[in-house]
Each structure stands twice: as C-alpha cells, then as structure tokens.
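A quick write-up on the structure given underneath.
The values are calculated or read from the model by the stated rules, or taken from the named source; none is laboratory data. These numbers were taken from a predicted model, which means no experiment stands behind them. Cβ placement follows ideal geometry from the backbone for every residue including glycine, while neighbour counts extend to all protein chains displayed.
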Amino acid sequence: MSEDGSKLKKEQRQESILDTALELMCTKGINGTTMRGIAKAEGISETLLYRFFKNKNELLFALFEAKIVNIAYTIQELIETTKGMIPDPVETLPLISKLVQKRIDKNHKIFNLILKERKALRAIIEKEGGFQMIFKDKIKTHTFMGLMKDIANNKSLTNYFQRCKDAGNLRDDLEPVHCANLFIKILWPTPIFDNNFTQPINPMLPDAHSQKAFETNMKILMYGLAPDKKH
C-alpha cells in the first residue's frame, strides 16, 4: 500500500501505525524495531511517520496509552459492577473474571510484549522519567499510576468482600481489603504497574495466553475465600 494510495483519516492512520508497530515489536522486539521498519510495514514514508511520532519512544508510549490505559478503565468499570452483585465469591467472582479475561485476551499482544520486553521497557521508562512523567499531559482525569492506585485500592471491591463477610460467605480470618488486593493481582496478567518496572517479575502471575493458569488461580482464590460450609 503506497502513501499516495492510502487516504486514511489522521485518527485512522495513527491507530493503524500503532497496530503495525505492535505487530513488529512482538515479532522483532522493541530494540529490533525501527521507525524505518514501521513505515515500510505500514506502507508510508518515514517522513509521514515522523509527522505522527517524533521518535520510537513516543510511539511506544502512545501505544501504551491507547491499549493499556483503556483496558485499565474498562476493568475499573467492571469492578464497579460488584456493587449490585450477590455477596458470594463462589457465585460472582467467576462472572467478573470472565468479563475481564475477555478484555485481556482481546489485547493479548500488548500484554505479551510487556512480558517479553520488560527489560527494554524498564530502561526506556526510566530514561523518560517514569509513567507519571510520560502520561501526565495525556490523561485528563487520572495520571496513569494514579489510575492503577485507584484500581488496587478500589473501595467498591473492598466493600463487595465486606458484604460477602457480613453474609457469611467469606472466612472470618480474612480481611476484605486483602481479598480485594489479591483479586486485582490475579486479574492483571502482568506486573507492569509495579514501581515503573523496577520490581522483578512475579512468576506466579500468568501471561495473557495462560488461560488454564488463570482459571486455576481463580479457583484457588474462590474456594480459599469461602468458609468451610461452601466447600
């Protein structure tokens, strides 16, 4: 596809460039992907590509904003649905996890890139000053890390587990806030939000393709939370 023959609107072109870059980075790695290679794969000139992104790092973080932040907001919205759910983890957590997993599976490429390229990403993010510096002018309501904090400390989810405990569907020795935090960690397939990638990867967290591991973790959580009468 030639540049002259492709009359995509600006927004469509930018989205297409990001998708093309993601494909290349998943195959060749971040360091192995060049702006020239992205332009060639997209079927446009390097000059046009640089009109959209001044360098590869800017393109990379635009990719994060387009993919990861939207997923974060979606998961936050899904967690809010717990307000109207039956206070029983065995009954309702599978419903939430399936909805979340569908959204993660739909975007498995970006999660796989993060898992495979975490060392390169750490170096780039540290060089650029961290997620907060990168996203501070791009997210109107929350900084990226602020959004992650909101999810990790989600009051709706903690309240849900408190309702479960009040209904006798949560073990007496468990704290609702700890249950909420554990549930969030299982929902996210990668430790991408831990201190700007400076923490070592958690080998217990499944990647986006590990559906079986995800389901196993959810079963452990559900039946570990339930009092003996629910087993």
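Look at residue 145 and say whether it is at pLDDT 80 or above, among the aliphatic types (A, V, I, L, M) and either over 16 Å from residue 65 (Cβ atoms) or surrounded by 14 or more Cβ atoms within 10 Å (Cβ to Cβ) (or both).
Against the criterion (at pLDDT 80 or above, among the aliphatic types (A, V, I, L, M) and either over 16 Å from residue 65 (Cβ atoms) or surrounded by 14 or more Cβ atoms within 10 Å (Cβ to Cβ) (or both)), residue 145 does not qualify.
Of all helices (runs of 4 or more DSSP H) completely enclosed by region 33-76, which ones contain at least 1 residues that are in contact with a strand residue (DSSP E or B) (Cβ under 8 Å, 6 or more places away or on another chain) and of a type in the set (Asp, Glu)?
Helices (runs of 4 or more DSSP H) meeting the threshold: none at all.
Select from region 89-110 the residues that are touching a residue at least 12 places away in the same chain (Cβ under 8 Å), more than 21 Å from residue 23 (Cα to Cα) and among the hydrophobic types (A, V, I, L, M, F, W, C) and write down the one among them that is surrounded by the fewest Cβ atoms within 10 Å (Cβ to Cβ).
99
Quick check on region 7-15. Is at least one of its residues at pLDDT below 80 and either surrounded by 15 or more Cβ atoms within 10 Å (Cβ to Cβ) or not assigned by TED's automatic domain parsing to the domain that holds residue 155 (or both)?
Yes, region 7-15 contains a residue that is at pLDDT below 80 and either surrounded by 15 or more Cβ atoms within 10 Å (Cβ to Cβ) or not assigned by TED's automatic domain parsing to the domain that holds residue 155 (or both).
Residue-by-condition table, conditions (1) farther than 24 Å from residue 102 by Cα; (2) β-branched (Val, Ile, Thr); (3) free of Cβ contacts under 8 Å to residues at least 60 places away in the same chain:
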| residue | (1), (2), (3) |
| --- | --- |
| 30 | yes, yes, no |
| 33 | yes, yes, yes |
| 38 | yes, yes, yes |
| 48 | yes, no, yes |
| 63 | no, no, yes |
| 69 | no, yes, no |
| 87 | no, no, no |
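Return the total of residues in region 116-136 being part of a helix (DSSP H, G or I) and at pLDDT 75 or above.
The total comes to 12.
Report whether or not residue 41 is surrounded by 13 or more Cβ atoms within 10 Å (Cβ to Cβ), at pLDDT 95 or above, out of contact with any Lys or Arg (no Cβ under 7 Å at 6 or more places or on another chain) and among the small types (Gly, Ala, Ser).
Yes.
Can you list residue pairs whose Cβ atoms sit under 7 Å apart, with the first residue in region 178-196 being closer than 24 Å to residue 94 by Cα and buried (at least 20 other Cβ atoms within 10 Å of the Cβ) and the second being of a type in the set (A, V, I, L, M, F, W, C) and modelled with pLDDT under 50? Count only pairs 6 or more apart in sequence or on different chains.
Within 7 Å, the pairs are 189/205; 189/208; 190/205.
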